[in-house]
Amino acid sequence: MIYGKKIIMGKDFENPFGLKTTKGKTRMMSSLLDSGVFPGTQGGPLEHIIGAKAIAFEEALSDDYMNYAIQVKKNASVMSDELIKKDYHIISGGTNNHLMLIDLRSKDVTGKAAEEALGKAEITVNKNMVPFDTQSPFVTSGIRIGTAAITTRGFKEDDMVKIVGYIDEVISNISNEAHLGSIKTEIKNWVGDYPLFK
């Protein structure tokens, strides 16, 4: 018995739950504690996971990360405000974080149709259920948009205004394939200034 368990348990004893081994013998309480910690809670000491966490924690403590997180929130706030100006219904009335959920019923567009049309124009969003949704989970009445990925690429508040303009243009011309194609070309030319990798 390991030293820590001896302090916790005092003396080992058969478990009071009647749990048995595969051979039918009642398991000792120390065995149950061991299996609850490893692999149950602790898992293996996987060095690549430990290293990844260490790097992530170091990054999260940096000023650069704090500035990035603040910019993500600023971008989301501007995007939300711009969508509201264009008569989109943000479920929470705005956003205090990196996400917003938009109810498209006032635009007479489903979440699925919006997700597909925006995808054709190179704008990635997710269809999403909204409160009291009248559509199925496979269709939905809303979309969810976040600003983390575009902030990572270097987009700022002024860019959010432009993005919302593109989103509105796509949703307003949802079945006009030629127009969606021209928006896609514009967007691809514009985002070339914001590379995925530096």
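Bear in mind that the values in this text are calculations on the coordinates, not laboratory data. Just so it is clear, the structure is predicted and the values come from calculations on it, not from any experiment. Note that we place each Cβ from the backbone using ideal geometry, even for glycine, and neighbour counts take in every protein chain shown.
Classify the stretch 111-182 from the C-alpha gyration tensor, please: rounded if a/c falls under 1.5, else prolate or oblate depending on whether a/b exceeds b/c. Taking the square roots of the gyration eigenvalues as a ≥ b ≥ c, the stretch 111-182 is oblate. Scattering from the chain was approximated by placing one identical point on each alpha carbon and applying the Debye formula without solvent; log10 I(q)/I(0) at 0.08, 0.10, 0.11 1/Å stands at -0.49, -0.62, -0.68. Among Gly119, Gly18, Gly181, the residue with the largest mean-square fluctuation in a Gaussian network model of the chain, with springs joining Cα atoms closer than 10 Å, is Gly18. When the chain is treated as a Gaussian network with alpha carbon springs shorter than 10 Å, the biggest mean-square fluctuation among Glu82, Glu47, Glu115 belongs to Glu47. Longer than 19 Å from Cα to Cα, which of Lys86/Lys188; Lys156/Lys188; Lys85/Lys184; Lys53/Lys73; Lys73/Lys184; Lys53/Lys74 are they? Say none if no pair is. Going by Cα-Cα distance, Lys86/Lys188; Lys85/Lys184; Lys53/Lys73; Lys73/Lys184; Lys53/Lys74 fall outside the 19 Å limit.
Taking amide hydrogens as placed 1.01 Å from N in the peptide plane, the amide H of His89 sits under 5 Å from those of Asp103, each at least 5 positions away in sequence or on another chain. Counting beta carbons within 10 Å around each of Ser136, Ser77 and listing the fewest first gives the order Ser136, Ser77. Largest GNM mean-square fluctuation among Asn15, Asn75, Asn126, using the chain with Cα springs under 10 Å: Asn15. The HN-Hα couplings worked out from phi for the stretch 72-82 by the Karplus form 6.51 cos²θ - 1.76 cosθ + 1.60 (θ = phi - 60°) are 4, 5, 4, 4, 5, 4, 5, 4, 4, 4, 5 Hz, whole numbers, x standing for Gly and Pro.
Counting beta carbons within 10 Å around each of Glu122, Glu14, Glu58 and listing the fewest first gives the order Glu58, Glu14, Glu122. So for the stretch 68-191, taking the charge dipole from beta-carbon charges (+1 Lys/Arg, -1 Asp/Glu), which of Met100, Leu180, Tyr68 sits furthest toward the positive end? Towards the positive end, the residue furthest out is Tyr68. Between the amide H of Thr26 and those of Thr21, distances stay under 5 Å, these residues lying 5 or more places away or on another chain, with hydrogens modeled in the peptide plane. Across the stretch 126-140, coupling constants 3J(HN,Hα) worked out from phi with the 6.51/-1.76/1.60 Karplus curve, θ = phi - 60°, read 10, 5, 7, 5, 10, x, 6, 4, 9, 9, 6, x, 7, 10, 6 Hz, and Gly and Pro carry x.
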